[in-house]
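A quick write-up on the structure given underneath.
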Amino acid sequence: MLIISPSVLASDFSRLGDDVKKVHKAGAEYIHLDVMDGIFVPNISFGPPVISSLRKVTDIVFDVHLMITEPQRYIKDYVDAGADIITIHYESCKDPAEVVKLIKSYGVRAAVSIKPATSPEVLFPMMAELDMVLVMTVEPGFGGQKMIPETIDKVRILREYANANGLDTDIEVDGGITAENLKYATAAGANVIVAGSAIFKADDPAKVISDMMKVGDRYPFGADTQK
Ligand code: DX5
Ligand code: ZN
């Protein structure tokens, strides 16, 4: 079954705790927390205080996506705030592998993300150390964009590399994912799915989550998406 990680960026921040509890109850195993610093991406969101407040009201897995420059400066703050998984960007620092070590030294799961223009091969040398890779399917910075189809090939390349090397690395996709286009990502090998607008802007978020969870059964890695 796919792991669904709704992105709170599309939720109503005045009722954040309730929104998170609702999607958890509907079957989402993770909640995706997009941290933006206005420098690595041209947008600002929230930081550790919001995450630690949320930690008090839910035990859902916190999937923290750091879109910030030099993330090593703040890893401990996000660990203390309650992160279970911390994703940094390959493009955001000089030595991503060192930051991965730092994250893991706190007993937190580590992931590295690549922007649409970054080739997946850059992750190969550190892949064995990663719990997850995150393939951005839009330019990071804003919710509500359209998925860029060309990014899906990178998911396939990473899944093939993981399989060829006996790694069961999670592959997460993020940006413009809907219940309709999700099959392309799962057939390419993605198993952790971020969706903001498709879930929080829907009339029935619980139905979208349950529909999304099932897509991986019909379209597992290697499936024909023409069906
Ligand atoms: C974009 C963020 C995404 C975004 C996803 O920079 O990393 O997590 O919130 O939102 P949707 O699903 O609306 O594209
Ligand atoms: Zn994200």
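Per-residue ellipticity at 222 nm from helix content only, as computed over the chain with -39500 (n - 2.57) for each DSSP H run of at least four residues, stands at -9000 deg cm²/dmol. Partners of residue 101 within straight-line reach, counting aspartates and glutamates whose Cα lies under 19 Å from its Cα and excluding those fewer than 8 residues away in the same chain: 63, 70, 77, 80, 84, 91, 129, 131, 168, 170. Springs join every pair of Cα atoms under 10 Å in this Gaussian network model of the chain, and among 189, 17, 82 the largest mean-square fluctuation is at 17. Summing +1 for each Lys or Arg and -1 for each Asp or Glu among the other residues whose beta-carbon sits under 13 angstrom from that of residue 151 gives -1. Beta bridges assigned by DSSP with both partners in the chain are antiparallel in approximately 5 percent of cases. Computed extension length for residue 128-residue 50: 24.9 nm, one decimal, from 0.36 nm per residue of separation with the Cα-Cα distance subtracted.
The lysines within cross-link reach of residue 146, meaning a Cα-to-Cα straight distance under 29 Å and a gap of 8 or more places when in the same chain, are 21, 22, 25, 115, 154, 183, 201, 207, 214, 227.
Is any residue of the range 101-116 close enough, with backbone N under 18 Å, to a label point placed 7 angstrom from the Cα of residue 70 along the Cα-Cβ axis, and if so, which? Counting only backbone N, you get 102-103.
Values in this text are rule-based calculations from the coordinates and carry no lab data. In this text, all values refer to a predicted model and were calculated from it rather than measured experimentally. Neighbour counts are summed over all protein chains in view; Cβ atoms, including those assigned to glycine, are modelled from backbone coordinates with ideal geometry.
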